[in-house]
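To keep things clear, I will list the structure first and then write my remarks on it.
The values are calculated or read from the model by the stated rules, or taken from the named source; none is laboratory data. Remember, it's a predicted structure, so these values are computed and weren't measured experimentally. The area values use the complete protein model at the heavy-atom level, side chains included, leaving out ligands, DNA and RNA. Shrake-Rupley method; radii C 1.70, N 1.55, O 1.52, S 1.80 Å.
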Amino acid sequence: MSDSPDSTGDFDQATAGRTALRYLARAMHTVHPSDEPFVMSRPEKLAIQRLKFFTMLAAAAVVVLGIWVFYLPHVLWTSWFMETHTALGDWPLISILFAALLLYLVVHALILIHNGAIRLVEVTCQFPRFHDTSYNRHLNQLAENCPQRSVFRLRMHPRPLLPWTMPGYLVMVLLLAFLSDALVQLGLRLWYGQPVSPVVMVLSSTVVAALWVGWATHRILLQAQIRVMVPLTIRQFTNDLVEEFGREPAFRRLLPGIMRQAGVSSKPGNYPHLLLFEALVSRFAMDPDKMRVVRTDGFTEQLAGCPSQIRQGVERLFLFTLLIDGHLSPLEQIRLRQWQNAGVVKTSAADVETMRRNFVKGEGLWV
């Protein structure tokens, strides 16, 4: 053993060198670098596209099968579906009960199909194991922030994708499909001037229902894909934001107002906003209670008087908050136009929409 005083230092330097080489080797083979927004690889995109296609096909097949299972017995065994006399008159009670049973089975089959597809999306992208180590805690937090778990809490957009929002969303889609089909059949009846034949009625029902369910499947799996991309994208963005504006007291004071203007409350109701809110509270030591009492009157005029560097950071954070869930609601579009008219947001509406589409495609959110 050498007694040289530099031997220990040489050993430490060699160990550090090997560690650095191992780190570089891992970085070269890492599909999603931790210092960049989440960008889906080509194999991930292909796998998710195929999954979307087969899930849409399976969901549409379940609905079409349910319609034909309801229709064929009425044709083959007409005597089984006679009207029943009640105190309110003659009602097709057997048909109503049969339809309710089929609707129950179809909804639960759709829930199983979509939950399985969401799980496959997560497995494809190794979510949440390599992305959100506190995923279960975040789900529990969303459950506390959105306590209403009724099946009949209907939503046009399945946000957040949680077990208790999926049934209501699918039921709403089926109700909209039935309503659309009724309008289509009414239009056909007015067009031809006579009642629609049972065959045409069933065919139109299958086409309309398949289109609605396919659209719903696309929306559900898109939200699952966005949920996968959110943690790493938020982590990278907040790191950059802290490096640029972490020592700016003026920027830190504006954070609660920016969040309020972007539609984020102190108890966020969807997964992307919850992760962003937690990241800002942690990295900027933001007080969540200030979001409840912050005044937004004249806030855009206050921002217009800030230094240009601060306004650039405010614009980036505002746009990032609007786009991180992959959807611009009507209220968010109104707020965006207000900030553009006030001169706080310099990015055009076309560029914002381009950023949103690229993010939805899996190409990352570069703000």
Could you rank TYR192, TYR169, TYR135 by how accessible they are, 1.4 Å probe, largest area first? TYR192, TYR135, TYR169
For segment 222-343, what number results from the quotient of the Cα radius of gyration and 2.2 N^0.38 Å? 1.00
Sequence gap at least 6, Cα distance under 8 Å: using those rules, report the relative contact order of segment 166-238 to the nearest whole percent. 38 percent
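For SER197 and VAL184 in the same chain, what is the full-extension length gain: residue separation times 0.36 nm, less their Cα-Cα distance, in nm?
Gain on stretching SER197 to VAL184: 3.4 nm.
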